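The values are calculated or read from the model by the stated rules, or taken from the named source; none is laboratory data. The model shown is predicted, which means the values in this text are computed figures rather than measured ones. Note: ideal-geometry Cβ built from the backbone for every residue, glycine included; neighbour counts use all protein chains shown.
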């Protein structure tokens, strides 16, 4: 199996990052810039594989129960947005071009997984840690991010590429994917804290509610009183029509399968309103490992031609096709787990996809029996 290798200097990579933001760039420069960006992000595939396998080994060793492990390279849209929001950032400095995500059952398991990495002796260099569980973002986002610089004596061509490990509990994953799904539906980058204030406030409040369930610190700027928190969530859920906006999207979306049905890599293309009834269509194309170059080329082609509002694509690696909707539910417009948490707050019966109960708590949270 041959993986992409960096073919351009960091100076060229940084030029490409500036060029894809330049609305006045000519076609030749823009085409070359996209080629450089695609090679740069594709070059993270091999280090990503190494980290994904490492996570899998740790989880099997613990026999920690059900878990999800997936990897992805960052979307062009996300790269452009991040560079535009942080003008001083260079593309070669971006820490999450390659992302490996582990979703485990409980917050306790997240912290155990984090501790095992911090205590381990490995060649890869830990560059930075963001603990968004004990210090949640104002947006409501929670989880652990570990940024590593890849190191290998046998594959030195990938040395210094950065990989981001995202560690989440089921509740934290449900929150994060719901934010992405709603952002897609209303065509606003809510995950970057940009968009309608009422939706941003709703997710901040739900972040606090979920933190309380897990017995971890709540989100800054949200009510410390449970009664006040629940009241505000109920009011916003009603005014935003959260139930009607989100219910049914996952079931209604049309799935189209191309290529290999069981393959290590999947290219997802979401078109939220492309179906005959105005509902979404997600095209899932499977690629074998020896087709990764083809997959990366198709990924870039699709991204450069996305025209419909909310349309997006991502190239991922997961354990199996059946794990795909759980690892990336936002691409299937599936918010059922998040909705169950909302229903529990507002007093509406939950579906049969209820989130794990209070064993998720770290310090004896709100639902501790």
Mind telling me which of the residues 209, 157, 243 ends up being assigned to a helix (DSSP H, G or I), in contact with a helix residue (DSSP H, G or I) (Cβ under 8 Å, 6 or more places away or on another chain) and modelled with pLDDT of 95 or more?
209
Select from segment 135-154 the residues that are within 22 Å of residue 107 (Cα to Cα) and out of contact with any helix residue (DSSP H, G or I) (no Cβ under 9 Å at 6 or more places or on another chain) and list them in ascending order.
135, 145, 147
Among 86, 93, which is the only one that is without any contact (Cβ under 8 Å) to a residue 40 or more places away in the chain, farther than 24 Å from residue 296 by Cα and either outside the structural domain of residue 268 (by TED's automatic domain parsing) or in contact with a strand residue (DSSP E or B) (Cβ under 9 Å, 6 or more places away or on another chain) (or both)?
86
Quick check on segment 107-128. Is at least one of its residues surrounded by 16 or more Cβ atoms within 10 Å (Cβ to Cβ), touching a helix residue (DSSP H, G or I) at 6+ places or on another chain (Cβ under 6 Å) and not assigned by TED's automatic domain parsing to the domain that holds residue 264?
yes
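One line per residue, one yes/no per condition, for (1) in the same structural domain as residue 326 (by TED's automatic domain parsing); (2) touching a residue at least 12 places away in the same chain (Cβ under 8 Å); (3) in a helix (DSSP H, G or I); (4) farther than 24 Å from residue 104 by Cα:
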residue: 15; (1), (2), (3), (4): no, yes, yes, yes
residue: 24; (1), (2), (3), (4): no, no, no, yes
residue: 28; (1), (2), (3), (4): no, no, yes, yes
residue: 53; (1), (2), (3), (4): no, no, yes, no
residue: 61; (1), (2), (3), (4): no, no, yes, no
Could you run through segment 213-227 and say how many residues are buried (at least 19 other Cβ atoms within 10 Å of the Cβ) and either in contact with a strand residue (DSSP E or B) (Cβ under 6 Å, 6 or more places away or on another chain) or assigned to a helix (DSSP H, G or I) (or both)?
2
